[in-house]
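First the structure, in the form of structure tokens, and then the observations on it.
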Amino acid sequence: NAGVTQTPKFQVLKTGQSMTLQCAQDMNHEYMSWYRQDPGMGLRLIHYSVGAGITDQGEVPNGYNVSRSTTEDFPLRLLSAAPSQTSVYFCASSKGQGYTIYFGEGSWLTVV
Amino acid sequence: GQQVMQIPQYQHVQEGEDFTTYCNSSTTLSNIQWYKQRPGGHPVFLIQLVKSGEVKKQKRLTFQFGEAKKNSSLHITATQTTDVGTYFCGRGVETSGSRLTFGEGTQLTVNP
């Protein structure tokens, strides 16, 4: 049971670099989302998708892009990394509204 | 946005003591979900409450949803060291299954 798989688990970037955090789920879930978690804070929604080809912004979308070309994959792109984007990133998926949300194991990103 | 407030932010208990965390909203909630995140881990779904006044139990954990559906609580009886972690409540956002607005969480430490 793979569930929600995120890669990479750890990444160090220099300011200004770009990168993509990968997220894949094998549960045929329509709904996927990305959260970031900063020390002592809760989870804040970056972007979400309710199905292939549909994405929308969450609470903190600036500096990030997403796309949803398939049901399985929901990559998160950092366009020009900034130290303020140092965080733990979680991808999540669910069957639909009111259903359990499954989280990936997280990606620890440091921007220097 | 419509937030959920969670208190306390931190709680330190001796093993065997009880623990309660509260989640409050200024608006009526359609549902509320509770998650546990172990240190260094990812959030894991515990339970969802939907009905006014609902009470659900999972072994030593008791979850309540207020009569007005504006607050919820998680109570742990006789804490154990395995209960260590951060407990989050999440307010479901209609139209998007994997889009929750989370409280900031209550970080529980248990001294053996």
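If R0 is 25 Å, what FRET efficiency do you get for B:Glu15 and B:Lys57 from their C-beta distance, rounded to 0.05?
Values: r = 21 Å, r/R0 = 0.82.
Working from the Cβ atoms, E equals 0.75.
Taking max minus min of the alpha-carbon positions on each principal axis, chain B gives extents of 43, 28, 21 Å, largest first.
Work out the mean other chain Cβ neighbour count within 10 Å for the residues of A:101-107 and drop it here as an integer. Write down the numbers at each step before the final one.
On the way: counts 12, 5, 8, 1, 3, 5, 0.
Whole-number average of other-chain Cβ neighbours for A:101-107 is 5.
As a proxy for reagent exposure, A:Trp34, B:Trp34, A:Trp108 were ordered by neighbouring Cβ count within 10 angstrom, fewest first; the result is A:Trp108, B:Trp34, A:Trp34.
For the pair A:Asp38 and B:Glu67, what calculated FRET efficiency results from E = 1/(1 + (r/R0)^6), where r is the Cβ-Cβ distance and R0 = 25 Å, to the nearest 0.05? Could the numbers behind the result be given before it?
Working: r = 34 Å, r/R0 = 1.37.
Efficiency for this residue pair is about 0.15.
Here B:Lys59 is the anchor, and the aspartates and glutamates within straight C-alpha reach of less than 19 Å, apart from those fewer than 8 places off in the same chain, are B:Glu15, B:Glu17, B:Asp18, B:Asp83. Counting only residues at least eight positions apart within a chain, or on another chain, the aspartates and glutamates with an alpha carbon under 19 Å from that of A:Lys95 are A:Asp26, A:Glu30, A:Asp56, A:Glu72, A:Asp73, A:Glu105, B:Glu94. Note on A:31-40: average number of Cβ atoms from other chains within 10 Å of each residue's Cβ is 3. A viscosity of 1.567 mPa s and a temperature of 4 °C, combined with the Kirkwood radius over Cα pairs in Stokes-Einstein, give a translational diffusion coefficient for chain A of 94 µm²/s.
Quick one: in the protein assembly as shown, what % of C-alpha pairs are over 22 Å apart?
Working: 12647 of 24976 pairs.
Summing the P(r) tail past 22 Å for the protein assembly as shown gives 51 percent.
When the trypsin sites (Lys or Arg not before Pro) in segment B:1-85 are filtered for DSSP coil states and for at most 14 other beta-carbon atoms within 10 Å of their beta-carbon, the remaining sites are B:Lys51, B:Lys59, B:Arg60. Between A:Leu13 and A:Thr110, A:Val111, A:Val112, the built amide H atoms are under 5 Å apart, and every one of these is 5 or more places off in sequence or on another chain. Inter-chain Cβ neighbour count for B:41-48, averaged per residue, equals 5 (cutoff 10 Å, partner chain atoms only).
Between A:Thr7 and B:Ile7, the modelled labels are 4.6 nm apart [label points 7 Å from Cα along Cα→Cβ].
Read-outs throughout are calculated quantities, based only on the coordinates presented, and are distinct from any laboratory measurement. The structure displayed is predicted, hence computed values, not measured ones. We place every Cβ from the backbone using ideal geometry, glycine too, and count neighbours over all the protein chains shown.
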